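Here's the structure, in structure tokens; my notes come after.
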Amino acid sequence: MTLQAKKIDKINADIRQAEADAGRDVCSVQLLAVSKTKPAADIIKAYQAGQRQFGESYLQEALLKQKELSCYQICWHFIGPIQSNKTRQIAAHFNWVHSVDRIKIAKRLNEQRAANLPPLNVCLQVNISNEPSKSGFQLDELADAVEQVSKLTNLKLRGVMAIPQPATDYKQQCKPYHLLYQAIKHLNKPELNTFSFGMSGDLRAAIAEGSTIVRVGTALFGSRSD
Ligand SMILES: *Cc1c(COP(=O)(O)O)cnc(C)c1O
């Protein structure tokens, strides 16, 4: 077994344990392997260990890797900040976008998603810790944003993504996810069933609070210099 396979097995075991501890169904949480800044060779190793969902944050880098890996059946997720001039290529080359942080970006992705492709799966990024420096919708903007994005027919609104302020205390880690999960449930839209919550450092708390996709980079591929 390769080192990469061992790491994937370990994280999947951690996810299964967290699901069980939270009384969640087995495999109700998916692992998204965040491969930003890592070479295509690392993705291949993870792929060979069974991983199919990969997340990227930097468009140009992602496009180069996608070209190299075009013969692999990979589901690509864009999770990084989105400038307007990047939407065309994101709409063309990804299956999911987790980081839709403004209506303008949703509209552009919708216009630019080719009609022959299935609708682009999107999550709204929510600025759950109210950090002025962070992008995303505020909680009180969420209902209106859901309303507007739901009308865009080349997009499929799946749920929300959050990157809370880092905390080491378990209870502090839970809080923002709890708040956002409740806010979505309150909207009473069962089709919003994707909660892109949790990274290497707060996976257990995120799963306890309803995560359905954890985005793991460091714990899988090692540390980055970004
Ligand atoms: C980089 C990144 C991750 C992965 O973070 P790790 O701490 O390396 O697991 C998750 N989500 C987003 C949005 C990221 O940009």
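The values are calculated or read from the model by the stated rules, or taken from the named source; none is laboratory data. Model, not experiment: these values are computed from the prediction. We place every Cβ from the backbone using ideal geometry, glycine too, and count neighbours over all the protein chains shown. For the accessible areas, the whole protein counts, side chains as well, though only heavy atoms, and no ligand, DNA or RNA atoms are used. Shrake-Rupley method; radii C 1.70, N 1.55, O 1.52, S 1.80 Å.
Values for this structure:
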read-out: Among (1) open to solvent by less than 30 Å² (accessible area, probe 1.4 Å); (2) over 26 Å from A18 (Cα atoms); (3) in contact with a strand residue (DSSP E or B) (Cβ under 6 Å, 6 or more places away or on another chain), the one test that L142 misses; value: (3)
read-out: Meets criteria (within 19 Å of the chain's Cα centre (by Cα) and without any contact (Cβ under 8 Å) to a residue 24 or more places away in the chain) for I74; value: no
read-out: Single unsatisfied condition, I105 versus (1) open to solvent by 10 Å² or more (accessible area, probe 1.4 Å); (2) within 26 Å of E141 (Cα to Cα); (3) among the aliphatic types (A, V, I, L, M); value: (1)
read-out: Selection from the range 73-94 of residues that are open to solvent by 60 Å² or more (accessible area, probe 1.4 Å), outside any helix (DSSP H, G or I) and away from the ligand (no atom under 16 Å from the Cβ); value: Q73
read-out: Residue that is assigned to a helix (DSSP H, G or I) and within 16 Å of the ligand (Cβ to nearest atom), where the choices are E131, E61; value: E61
read-out: Subset of the range 153-204 (residues that are in contact with a Ser or Thr (Cβ under 7 Å, 6 or more places away or on another chain) and either free of Cβ contacts under 8 Å to residues at least 12 places away in the same chain or at positive phi (or both)); value: G159, G198
read-out: The range 43-58 - residue that is of a type outside the set (F, W, Y) and open to solvent by 30 Å² or more (accessible area, probe 1.4 Å) and, of those, farthest from the ligand (Cβ to nearest atom); value: Q48
read-out: Checking K36 against (1) out of contact with any Asp or Glu (no Cβ under 7 Å at 6 or more places or on another chain); (2) open to solvent by 10 Å² or more (accessible area, probe 1.4 Å); (3) charged (D, E, K, R), the condition it does not meet; value: (1)
read-out: Filter result for D21 (of a type outside the set (G, A, S), more than 16 Å from the ligand (Cβ to nearest atom), open to solvent by 10 Å² or more (accessible area, probe 1.4 Å) and in contact (Cβ under 8 Å) with a residue 24 or more places away in the chain); value: yes
